[in-house]
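Everything below concerns the one structure shown next.
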Amino acid sequence: MSASTQHFDLIIAGAGMVGAALAVGASRQGWHVALVDAMPMPLSLAVEQGQGVGDYDLRVSALTEASRQLLVTLGAWPLMQAQRVSPYQHMQVWDAAGVGHIRFSAAEMHWAELGHIVENRVTLAALHDAVARSEVVCFAQRRVRALSLLCDGQRVVTLDDGEQLTGKLVVGADGAQSRIRQLAGLTQCERDYGHHAIVATVATALPHQQTAWQRFMPDGPLALLPLDHPQRCSIVWSTEADHARALLKLDDDGFCAALTEASEHRLGRIEAVSERSSFVLKMRHAWQYYSDGVVVMGDAAHTIHPLAGQGVNLGFKDVAALLQQLAQARQRGQSPAAERWLKAYQRARKGDNWMTMAGMSGFKALFGNKDPGLTLMRNLGLSWVDGLPLLKRQLAARAMGVPAI
């Protein structure tokens, strides 16, 4: 071990939204934190303010109230508001194979809004600004090469340039292909959803009315998410691989026509589209979230179908749960890597993540089934739930991560 080796309480690999949020929160509790990522840090807060379809980030998140509260606590939310956030008041979900539908309204729930659509780059830049204002030590444009264990239980992280860091707890927040998870020997189950997700920004003929629109089709769901301009939406179109490839090959006019038809003209004609991108959708879940001074969270622990917009929200719930355990460890003068705290974190999050993932798989199977009898039952069920305000309120509250009223 080099005499110049730097020592930390926490070494966090991955400076994405989840890793950066944990770094800020843990540093505020008084832990000595290192943050390692291959990207430059911090990201600039200067976000393009234009409202053309090409001025928005292709990747957005539908942030829940629970996520917003965490971002407020970390000091990131005011910075995000100063850039660009898009609150939405309503949600409409309908079945392509029938007349079944369900509508949610913030006013019915006695909430200010159902959530906020925020470009990922806005959230990340605000969190990086919070990192820059904290005591977190950043190792930018560096990768983790190796992970080893010392006889006293501390972990050694070797970076790609040979520098070594020691830490009591190493956190893998480094995405679905997590190097930390692999080096720690934490195995996972994995299943291909059979879908590719196409993302883009579109201009619509009719205003979105601060409404998130989602249509369930046999080959996958289509979501149109409202942005700050009344006639701009971010789309997430999940569909079978061959269909996705065919859609990507269309010129802009052809894609707009296909999207207009797929959305059943709910927002009129789709008039323009930005560049398009796609990615394969897979369900992944680590069997264990921790082992010998290593813990994983966010996409390093679980990935999920985007049909309910819960991806990064589950990651932020991981952050909140681990911060709660770290606070208790700090109060008792104990190591952040003590098994009691990591076990409590896993217990708090694993069941909720499993249940959410199972629900998404169930939704996909339910709406992908073309059996006429099941289609009828599905449509009746949607309309039945739509007529039960108390049940709708409970469903919405669970999705938003807040207590039902």
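Some observations on this one:
- Sequence-distant contacts, meaning Cα pairs under 8 Å at least 6 residues apart, place the relative contact order of the stretch 6-363 at 21 percent.
- Cleavage-rule hits, GluC sites (Glu not before Pro), the stretch 253-324, DSSP coil, Cβ neighbours within 10 Å at most 14: Glu264, Glu275
- The chymotrypsin sites (Phe, Trp or Tyr not before Pro) of the stretch 236-322 meeting both criteria, a DSSP state outside H, G, I, E and B (loop) and at most 14 other C-beta atoms within 10 angstrom of the site's C-beta, are Trp287.
- Dipole magnitude of the stretch 215-304, debye to nearest 20 (Cβ charges: Lys/Arg +1, Asp/Glu -1, about Cα centre): 160 debye
- With the largest listed first and rounded to whole Å, the semi-axes of the equivalent ellipsoid of the stretch 6-363 from the Cα gyration tensor are 37, 21, 19.
- Surface composition of the stretch 6-363: carbon and sulfur make up 50 percent of the accessible area, probe 1.4 Å.
- Per the Debye calculation on the stretch 232-327 with a single equal scatterer at every Cα and no solvent contribution, log₁₀ I(q)/I(0) for q = 0.19, 0.23 Å⁻¹ amounts to -0.95, -1.21.
- Here the contact order of the stretch 100-247, divided by its residue count and restricted to Cα pairs under 8 Å and six or more residues apart, works out to 15 percent.
- Once the 1.4 Å probe is applied to the protein heavy atoms, the stretch 6-363 comes out at 39 Å² accessible per residue.
- For the stretch 207-224, backbone phi angles converted through the Karplus equation (6.51, -1.76, 1.60; θ = phi - 60°) give residue-by-residue couplings of x, 7, 6, 6, 10, 8, 10, 9, 10, 9, 10, x, 9, x, x, 10, 10, 10 Hz, Gly and Pro being listed as x.
- Over the stretch 94-157: Rg over Rh, Cα atoms, Kirkwood Rh: 1.29
- Dipole size of the stretch 6-363 about its Cα centre, with +1 on Lys/Arg Cβ and -1 on Asp/Glu Cβ: approximately 1120 debye, rounded to the nearest 20.
- The stretch 1-147, dipole about Cα centre (Lys/Arg Cβ +1, Asp/Glu Cβ -1), debye to the nearest 20: 400 debye
- Between the listed residues Leu224, Ala107, Leu149, the Cα displaced farthest toward the positive end of the dipole of the stretch 103-224, a dipole computed from Cβ unit charges relative to the Cα centre, is found at Leu149.
The values are calculated or read from the model by the stated rules, or taken from the named source; none is laboratory data. Nothing here was measured: the structure is a model prediction, and the numbers come from that model. In this analysis, Cβ positions are derived from the backbone assuming ideal geometry, glycine residues included, and neighbour counts consider all displayed protein chains. The area values use the complete protein model at the heavy-atom level, side chains included, leaving out ligands, DNA and RNA. Shrake-Rupley method; radii C 1.70, N 1.55, O 1.52, S 1.80 Å.
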